[in-house]
Structure formats: structure tokens, C-alpha cells
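Worksheet: the structure to be examined is printed underneath.
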Amino acid sequence: MNALKNKVQLIGHVGKDPVIRDLEGGKKVASLSLATKDVFVNKSGDQKEQTQWHNVVAWGKTAEIIEKFVDKGKKIGLTGKLTSRSYDDKEGNKRYVTEVVINELLLMN
């Protein structure tokens with residue numbers, strides 16, 4: 001049951017081309033946005049679609065795979081974990097970000 005404490009599984013489409021950064025020591029990090037869609041029926045009986053956007057981060061070999069094979073519109077599946085962090089923006093305001101850090105990546109058609 002410990003493996004289920006912080007586990008995220010998503011299938012969706014990449015919203016824009018991933019941003020790849022090279023870190024010291026040759027390690028890479030990839031950042032991307034992933035759109036997932038939910039379909040539901042509202043009170044009137046109409047079928048509606050709702051899109052959720054997820055901030056996604058990948059490190060190392062996974063980032064290298066994303067750099068080579070993933071671009072805007074690509075359908076991917078992933079397993080990862082939720083993480084939260086904060087940073088100070090250019091104006092000195094504290095910003096908070098929740099991201100999915102990829103553990104496993106599946107390239108789909």
C-alpha cells in the first residue's frame with residue numbers, strides 16, 4: 001500500500017513543445033504541460049468535456065527521451081508523483097507550483 005501514497009497516472013496530449021534545459025554535469029530536465037479531458041453529463045443531460053492542464057517535469061534519461069520524441073500534440077502516458085515547490089518571481093512575490101514528476105513514460109500514437 002505504500003506505493004499508492006503519492007502516485008499519479010495520466011494519459012493526455014502535450015500542450016506545447018517541451019522545454020529542455022541542460023544542468024551542470026550534463027543532466028537534463030524537461031518541462032511540459034499535459035492536457036487531460038474528462039467527459040461528463042450535466043444536469044440537463046448534455047454531454048460536456050472538461051480539460052485539465054498539468055505541469056509535468058522529467059529528469060535524466062526520461063528528459064532525453066522527451067527531447068528526442070515528444071512535441072506539441074503528442075499523446076503520452078505517464079506514471080509519476082505530485083510535488084510542490086515555491087520560488088520568488090522577478091517582482092519578489094512568492095509563487096507556488098504543483099508538478100507531476102515522471103517516473104515512467106509511455107509514447108503513444
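The values are calculated or read from the model by the stated rules, or taken from the named source; none is laboratory data. The structure displayed is predicted, hence computed values, not measured ones. Note: ideal-geometry Cβ built from the backbone for every residue, glycine included; neighbour counts use all protein chains shown.
In the stretch 42-54, the residues that are in contact (Cβ under 8 Å) with a residue 24 or more places away in the chain and under 30 Å from Leu82 (Cβ atoms) reach residues that are surrounded by 10 or more Cβ atoms within 10 Å (Cβ to Cβ) and aliphatic (A, V, I, L, M) with C-beta atoms within less than 6 angstrom, at least six apart or across chains, in these pairs: Trp53/Ala35; His54/Leu34; His54/Val100. Checked against (1) part of a strand (DSSP E or B); (2) exposed (fewer than 13 other Cβ atoms within 10 Å of the Cβ); (3) in contact (Cβ under 8 Å) with a residue 60 or more places away in the chain, Ser86 meets all criteria but (3). A single entry from Ala58, Ala35 fulfils the requirement of being among the aliphatic types (A, V, I, L, M), touching a helix residue (DSSP H, G or I) at 6+ places or on another chain (Cβ under 8 Å) and within 24 Å of Leu4 (Cα to Cα): Ala58. Hey, does the stretch 25-41 have a residue that's without any contact (Cβ under 8 Å) to a residue 40 or more places away in the chain, surrounded by 12 or more Cβ atoms within 10 Å (Cβ to Cβ) and in contact with a Leu (Cβ under 8 Å, 6 or more places away or on another chain)? Looking through the stretch 25-41, at least one residue is without any contact (Cβ under 8 Å) to a residue 40 or more places away in the chain, surrounded by 12 or more Cβ atoms within 10 Å (Cβ to Cβ) and in contact with a Leu (Cβ under 8 Å, 6 or more places away or on another chain). For the stretch 59-70, the criterion of being without any contact (Cβ under 8 Å) to a residue 40 or more places away in the chain and in a strand (DSSP E or B) is satisfied by no residue at all. When each of Val56, Val29, Val39, Val14 is tested for being touching a Phe, Trp or Tyr at 6+ places or on another chain (Cβ under 6 Å) and hydrophobic (A, V, I, L, M, F, W, C), the lone residue that passes is Val29.
For the stretch 57-67, the criterion of being loosely packed, with under 13 Cβ neighbours inside 10 Å and closer than 17 Å to Ser33 by Cα is met by no residue. Restricting the stretch 26-41 to residues that are over 12 Å from the mean Cα position of the chain (by Cα) and either part of a helix (DSSP H, G or I) or closer than 23 Å to Arg85 by Cβ (or both), the residue that is modelled with the lowest pLDDT is Gly26. Just to be sure, is Gly92 farther than 20 Å from Asp22 by Cβ, part of a loop (DSSP other than H, G, I, E, B) and without any contact (Cβ under 8 Å) to a residue 60 or more places away in the chain? Judged against the criteria, Gly92 is a match.
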